[in-house]
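The values are calculated or read from the model by the stated rules, or taken from the named source; none is laboratory data. Here the structure is a predicted model, which is why all the values come from computation and not from measurement. For neighbour counting, all protein chains shown are included, and Cβ atoms are generated from backbone atoms with ideal geometry for every residue, glycine included.
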Amino acid sequence: MRADGEQAVALCPALFLTAPASGQGKTTITAALARLLTRQGKKVRVFKTGPDYLDPQILAQASNAPVEQLDLWMAGEAYCQQMLYWAATECDLILIEGAMGMFDGDPSSADLAARFGIPMAIVMDVKGMAQTAAAVATGLANYRSDINVFGLIANNCGTERHAELIRNALPPSLALLATLKRSETVALPERHLGLVQAEEVRDELELRFAAGADWLEEAGLLAAITQLTPVTFTAAPVPAIEPSLQGVTIGIARDSAFSFIYDANLRLLRKLGAQVIFFSPLHDAILPEVDALWLPGGYPELHAATLADNTDLHRQIQRFYRTGKPILAECGGFLYSLQTLTDLDECQHTMLGLLDGHGAMRGKRGCQGMQTAVLPEGDIRAHAHHRSRSGDTPEPLAHGRRQHHPAPGEAIFRVGGLTASYLHLFFPSNPGAVAQIFGAGKEKRTLNH
């Protein structure tokens, strides 16, 4: 808000990449486009729709800039508005990658694009169809009157004749922005929860980004992008944050086993006055001197043997737990806090034992969805996404409240200073509650075991 009472505005071209379904190539094309534009000397800011950790890591490397998550339910409309406004003040182009299909979810990618007036490009894998691809794209473009579809990007388009059939079947109102040839050199590596973490394959990704940028440039997508007109983004009122964690140092586990960390969460902790220190449960034998711990999600199952072998750190975290100081353990951190974890090869490994219970991977079956963490400190928006199960755990403090279903959500446990659950919390949805979880206004609770 400006001093004269009017809302500040910023103009910036923007494009929302969506698709009829998952698996159409959205992330590959968004990353390649970000790298192509960056290579052209443009400053690009990329956003990812929904509670995603892995795609943003890839997109951040491709764009050489931080990538934030946007979700109207989890983060709230004002938060999304302000993030887009800030980006518009500093970059040449905003790219947003959608989640799942164009109209999937509540709110959907289309809801987000409509709310902020961002034109959408439909990414579609057209292998095995021609005129039908045009029919599907036309149906998507006309399904709602409040969205603006900029055009179609036809992925896996085999030949020029294939492209011609699609182009001729499209109405004049729907442009064919690019036809992308099939290419094995641009596909991004994957594993059981989605894409591989960027830091694990950084050099390989650089090769794929370079190939992807060439792929898009050859297809003429850059020329189509120059036709985008600026979108008007308006600043949102930013609530004041009380520095209620001033003087509190929070130790955060961060390495290949624990990397599901929203930048927004780190930003909020710092705005609350906390100092954050990172440590590695995989590599560090000494726990830093801290007042609270955060064990975030990640892939502990892929590193369970190494985590189990680091007994020196186990003992220090167990000692910290017995002081009653705050510990937040989310998903992978929750599994780490249990007594054992059985990995994908069905080998059982000893974990921290802060909470009674055992975790085990379960292949491709899993749980995902938006939930609210119902806590004594207040409700915090969150989501679940895991392919493991836990058993023999104590009675939970509460359960998550699902966004649209009456069944109880994920169990939330609290023993002493430990709060543990499969839920990944989005801290900015309730800064006051987060501050209390990490010790604001609380006395130490010492455990006698």
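Could you please tell me which pairs satisfy a Cβ distance under 6 Å, a separation of 6+ or placement on different chains, a first residue in the range 21-44 that is under 15 Å from Val126 (Cα atoms), and a second residue that is among the aliphatic types (A, V, I, L, M) and outside any loop (DSSP other than H, G, I, E, B)?
Within 6 Å, the pairs are Gln24/Val123; Gln24/Met124; Gly25/Val123; Lys26/Leu17; Lys26/Val123; Ile29/Val123.
Being outside any strand (DSSP E or B) and either more than 28 Å from Gln348 (Cβ to Cβ) or over 19 Å from the mean Cα position of the chain (by Cα) (or both) is the filter here; which residues of the range 366-400 pass it?
Pro376, Glu377, Asp392, Thr393, Pro394, Glu395, Pro396, Leu397
For Ala10, which of the numbered conditions (1) among the small types (Gly, Ala, Ser); (2) over 12 Å from the mean Cα position of the chain (by Cα); (3) at pLDDT below 95 fails to hold?
(3)
Among what's in the range 319-367 and is farther than 15 Å from Arg414 by Cα and charged (D, E, K, R), pick the residue that is surrounded by the most Cβ atoms within 10 Å (Cβ to Cβ).
Asp343
Within the range 108-118, track down each residue that is free of Cβ contacts under 8 Å to residues at least 60 places away in the same chain and closer than 12 Å to Asp71 by Cβ.
Residues of the range 108-118 free of Cβ contacts under 8 Å to residues at least 60 places away in the same chain: 108, 111, 114-115.
If the condition is that a residue be free of Cβ contacts under 8 Å to residues at least 60 places away in the same chain and closer than 12 Å to Asp71 by Cβ, then Ser108, Asp111, Arg115 are the ones that fit.
Just a yes or no: is a residue in the range 158-177 surrounded by 17 or more Cβ atoms within 10 Å (Cβ to Cβ), touching a strand residue (DSSP E or B) at 6+ places or on another chain (Cβ under 9 Å) and assigned to a strand (DSSP E or B)?
Scanning the range 158-177, I find at least one residue that is surrounded by 17 or more Cβ atoms within 10 Å (Cβ to Cβ), touching a strand residue (DSSP E or B) at 6+ places or on another chain (Cβ under 9 Å) and assigned to a strand (DSSP E or B), so the answer is yes.
Evaluate the range 294-304: report whether one residue or more is on the phi > 0 side of the Ramachandran plot and small (Gly, Ala, Ser).
So in the range 294-304, the residues on the phi > 0 side of the Ramachandran plot come out as 298.
Next, from what is left, pick out any that are small (Gly, Ala, Ser): 298.
For the range 294-304, residues on the phi > 0 side of the Ramachandran plot and small (Gly, Ala, Ser): present.
Among the residues of the range 168-207, how many are more than 30 Å from Ala141 (Cβ to Cβ) and modelled with pLDDT of 90 or more?
Residues flagged as more than 30 Å from Ala141 (Cβ to Cβ) and modelled with pLDDT of 90 or more within the range 168-207 amount to 3.
Can you confirm whether the range 348-363 contains a residue that is in contact with a strand residue (DSSP E or B) (Cβ under 8 Å, 6 or more places away or on another chain), β-branched (Val, Ile, Thr), in the same structural domain as Pro431 (by TED's automatic domain parsing) and not in a helix (DSSP H, G or I)?
yes
Against the definition (part of a loop (DSSP other than H, G, I, E, B), modelled with pLDDT under 95 and small (Gly, Ala, Ser)), how does Gly5 come out, yes or no? Don't jump to the end; show me each part of the working.
On the way: part of a loop (DSSP other than H, G, I, E, B): yes; modelled with pLDDT under 95: yes; small (Gly, Ala, Ser): yes.
So Gly5 passes the test.
Looking at this structure, is Leu72 within 24 Å of Pro296 (Cα to Cα), within 15 Å of the chain's Cα centre (by Cα) and either acidic (Asp, Glu) or surrounded by fewer than 24 Cβ atoms within 10 Å (Cβ to Cβ) (or both)?
yes
Tell me, which residue of the range 101-123 that is assigned to a loop (DSSP other than H, G, I, E, B) and either acidic (Asp, Glu) or within 13 Å of Leu17 (Cβ to Cβ) (or both) is farthest from the chain's Cα centre (by Cα)?
Per the stated criteria, the residue is Pro119.
Restricting the search to the range 290-312, which residues are charged (D, E, K, R) and touching a residue at least 24 places away in the same chain (Cβ under 8 Å)?
Answer for the range 290-312, where residues must be charged (D, E, K, R) and touching a residue at least 24 places away in the same chain (Cβ under 8 Å): Asp291, Glu301, Asp312.
So that you can scan it fast, the table gives a plain yes or no per residue for (1) out of contact with any Pro (no Cβ under 7 Å at 6 or more places or on another chain); (2) surrounded by fewer than 17 Cβ atoms within 10 Å (Cβ to Cβ); (3) assigned by TED's automatic domain parsing to the domain that holds Pro172; (4) within 26 Å of Ala65 (Cα to Cα):
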site	(1), (2), (3), (4)
Thr89	yes, yes, yes, yes
Leu95	yes, no, yes, yes
Ala99	yes, no, yes, yes
Asp106	yes, yes, yes, no
Met120	yes, no, yes, yes
Lys127	yes, yes, yes, no
Ala135	yes, yes, yes, no
Gly139	yes, yes, yes, no
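I'm told Asp284 meets every condition in (1) touching a residue at least 40 places away in the same chain (Cβ under 8 Å); (2) part of a loop (DSSP other than H, G, I, E, B); (3) among the acidic types (Asp, Glu) except one. Can you identify the failing condition by its number?
Result: Asp284 passes all but (1).
Can we say Ala236 is over 26 Å from His385 (Cβ atoms), under 25 Å from the mean Cα position of the chain (by Cα) and not in a helix (DSSP H, G or I)?
Yes: the conditions hold for Ala236.
Could you say whether any residue in the range 20-40 is touching a Phe, Trp or Tyr at 6+ places or on another chain (Cβ under 8 Å), part of a loop (DSSP other than H, G, I, E, B) and within 30 Å of Arg402 (Cα to Cα)?
Checked against the condition, which is being touching a Phe, Trp or Tyr at 6+ places or on another chain (Cβ under 8 Å), part of a loop (DSSP other than H, G, I, E, B) and within 30 Å of Arg402 (Cα to Cα), the range 20-40 yields no hits at all.
Say we look at the range 231-279 and pick out the residues that are without any contact (Cβ under 8 Å) to a residue 60 or more places away in the chain, among the small types (Gly, Ala, Ser) and surrounded by 15 or more Cβ atoms within 10 Å (Cβ to Cβ); which of these is farthest from Glu301 (Cα to Cα)?
In this case the residue turns out to be Gly273.
Answer yes or no: is there a residue in the range 81-91 that is in contact with a Lys or Arg (Cβ under 6 Å, 6 or more places away or on another chain) and modelled with pLDDT of 95 or more.
Yes, because at least one residue in the range 81-91 is in contact with a Lys or Arg (Cβ under 6 Å, 6 or more places away or on another chain) and modelled with pLDDT of 95 or more.
Determine the pairs where a residue that is touching a residue at least 12 places away in the same chain (Cβ under 8 Å) and surrounded by fewer than 20 Cβ atoms within 10 Å (Cβ to Cβ), located within the range 53-69, has a partner that is assigned to a loop (DSSP other than H, G, I, E, B) and β-branched (Val, Ile, Thr) with Cβ atoms under 7 Å apart, the partner being 6 or more residues away or on another chain.
Qualifying pairs under 7 Å: Ala60/Val67.
Residues of the range 243-272 being under 24 Å from Gly441 (Cβ atoms), assigned to a strand (DSSP E or B) and of a type outside the set (Gly, Ala, Ser), which ones?
Thr249, Ile250, Ile252, listed by residue number.
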